[in-house]
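Structure, as structure tokens:
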Amino acid sequence: MRIVMIGSGYVGLVSGACFADFGHDVVCVDKDAGKIASLRAGRMPIYEPGLEQLVAGNVAAGRLSFTTDLTTAVAGADAIFIGVGTPSRRGDGHADLSYVYAATREIAGAVTGPTVVVTKSTVPVGTGDEVERILREARPEMDIAVVSNPEFLREGAAIGDFKRPDRVVIGTDDERARGVMREVYRPLYINDNPILFTSRRTSELTKYAANAFLATKITFINEIADLCEAVGADVQDVSRGIGLDNRIGRKFLHAGPGYGGSCFPKDTLALLKTAEDFESPVHIVEAVVKVNEARKRAMGRKVLAALGGEARGKTVALLGLTFKPNTDDMRDAPSVAIATALADAGVTVRAHDPEGTEQAKALMPDLIYCADPYDAATGADAVVIVTEWDAFRAIDLKRLKAAMAGDVLVDLRNIYRREAAEAVGFTYAGIGR
Ligand code: UDX
């Protein structure tokens with residue numbers, strides 16, 4: 001199959017590289033000439049474990065290439081994936097589809113034969129209809145089917161998620177397009193991964209429903225964690241106790257400082273907008289969005305409370321700034337709300353992150369950035385674990401404590417046992433226990 005991936009951001013690049021690894025001939029397109037030049041030189045624009053090697057291997061094998069020239073790439077392609085960004089529109093929370101439609105118009109001008117256009121970007125229900133309308137209007141003579149094929153990748157585990165997916169959802173009623181998509185995903189059929197064919201609108205909504213459900217699960221356990229603190233119970237045991245029920249499932253029941261990232265905040269908001277447009281409210285998701293926003297701010301207050309008394313003039317070390325480990329992504333990271341609350345209270349914030357320092361600096365230029373956890377803890381009254389990077393699980397707590405001026409350890413990810421922290425003299429505060 002000849003596949004074109006338009007947009008070489010997170011989703012586009014990972015998907016493109018994985019399709020090439022499936023044996024297809026893939027061209028990744030991006031408007032950003034700098035990005036294409038660095039990809040050609042083997043430099044990745046994002047941090048994702050295994051991606052650099054995957055790209056290098058497939059480029060060397062002649063299956064993967066990068067270009068800014070959409071017109072040449074699209075000519076003769078069997079499938080053209082749109083993997084451009086769909087950020088939240090400023091002001092109203094709707095998904096901004098301008099990049100999707102711009103790409104569609106360029107495709108319309110460039111196709112030379114029958115093809116399949118696939119939206120890989122997360123797009124609201126009905127976007128496929130509009131993409132189809134644009135293509136039909138521009139090229140009424142051409143057989144172009146429009147398919148929805150959402151991505152369920154987790155950052156940090158994206159390649160594994162792509163190659164061993166829980167499921168692939170493909171939305172189209174077009175028989176020829178189904179055949180093309182079966183070819184595109186053939187290696188997954190061999191391994192017996194569930195591939196679900198649905199209508200296009202169903203597929204579009206499935207993506208939002210999945211992310212909203214996961215965001216709900218996290219938010220649910222976060223509120224239960226607060227209740228655990230109030231009644232003197234342990235949320236980790238509650239989580240295990242409910243998660244072992246197969247109907248509930250153990251994953252995504254880890255209480256923390258609130259979800260962030262490039263997907264959950266944006267997709268829950270966009271789902272609310274769709275619900276509003278169609279006058280079919282999703283009250284649960286509304287509550288989830290509100291509770292999660294409030295939670296990020298509440299975490300700042302939790303740290304201030306742990307400092308006890310007057311916080312002004314004190315120093316706090318934040319460990320982990322990205323919204324989750326194994327990424328350099330700072331989008332909607334709880335660390336930002338926490339650092340802001342601390343700075344507003346007159347606290348000096350020292351910070352360390354294994355991969356996200358550059359991105360964090362752009363958002364929070366006033367923090368003091370440190371090379372490692374011990375450096376960050378130097379002279380601090382409290383250390384706060386904000387993101388559960390593996391490196392933090394292996395911290396020498398004695399050494400950490402020795403570097404500090406105070407003794408407070410706020411563990412927003414519950415990566416330490418209270419007894420272990422108290423044994424070296426910490427005053428420990430976790431989440432929901
Ligand atoms: C998510 C979805 O998992 C993925 O399927 C979708 O395609 C994109 O959005 P991602 O944003 O990369 O992926 O990260 P994920 O691992 O799902 O974590 C999202 C957020 O939830 C993080 O802030 C994480 O810290 C938080 N989280 C997750 C919890 O607080 N507790 C949990 O139990 C799980």
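Bear in mind these aren't lab numbers, they're just calculated from the coordinates by the rules spelled out. The model shown is predicted, which means the values in this text are computed figures rather than measured ones. As a convention, Cβ positions derive from the backbone with ideal geometry for all residues, glycine included, and neighbour counts pool all protein chains shown.
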### Query
Which members of segment 389-433 meet the condition of being in contact with a Gly (Cβ under 7 Å, 6 or more places away or on another chain), part of a loop (DSSP other than H, G, I, E, B) and charged (D, E, K, R)?
D407, R413
### Query
If you go through segment 133-163, how many residues are away from the ligand (no atom under 13 Å from the Cβ) and either within 19 Å of S203 (Cα to Cα) or outside any loop (DSSP other than H, G, I, E, B) (or both)?
12
### When residues of segment 321-358 are limited to those that are in a strand (DSSP E or B) and touching an Asp or Glu at 6+ places or on another chain (Cβ under 9 Å), the one surrounded by the most Cβ atoms within 10 Å (Cβ to Cβ)
H352
### Selection count, segment 159-184, where residues are surrounded by 15 or more Cβ atoms within 10 Å (Cβ to Cβ) and under 23 Å from the mean Cα position of the chain (by Cα)
9
### Task
Could you check how many residues of segment 189-202 are touching a residue at least 40 places away in the same chain (Cβ under 8 Å) and either within 14 Å of the ligand (Cβ to nearest atom) or among the aliphatic types (A, V, I, L, M) (or both)?
0
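Pick out, from segment 16-98, the helices (runs of 4 or more DSSP H) lying fully within it that include 2 or more residues that are at negative phi and among the polar types (S, T, N, Q). Before the answer, list the steps.
On the way: elements: 33-40, 51-60, 70-74.
Once the helices (runs of 4 or more DSSP H) in segment 16-98 are filtered for at least 2 residues that are at negative phi and among the polar types (S, T, N, Q), what remains is 51-60, 70-74.
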### Message
Which pairs turn up if I take residues in segment 210-233 that are in contact (Cβ under 8 Å) with a residue 24 or more places away in the chain and look for partners that are of a type in the set (S, T, Y) and outside any loop (DSSP other than H, G, I, E, B) with beta carbon separation below 6 Å, at least 6 apart in sequence or on another chain?
### Response
A212/T268; A215/T268; I221/S239
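Does K273 satisfy the criteria of being exposed (fewer than 13 other Cβ atoms within 10 Å of the Cβ), more than 16 Å from the ligand (Cβ to nearest atom) and under 22 Å from the mean Cα position of the chain (by Cα)?
Answer is no for this residue.
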### Query
Going by the structure shown, is D353 of a type outside the set (V, I, T) and within 20 Å of G260 (Cβ to Cβ)?
yes
### Task
Filter segment 388-414 for residues that are farther than 19 Å from V347 by Cβ, surrounded by 16 or more Cβ atoms within 10 Å (Cβ to Cβ) and within 16 Å of the ligand (Cβ to nearest atom) and give the result.
E388, W389, F392, R413, N414
### Summary
Among (1) crowded, with 21+ Cβ neighbours inside 10 Å; (2) under 25 Å from K163 (Cα atoms), T104 falls short only on (2)
### Task
Please indicate, with yes or no, whether at least one residue in segment 304-311 is within 20 Å of I221 (Cβ to Cβ) and touching a strand residue (DSSP E or B) at 6+ places or on another chain (Cβ under 9 Å).
no
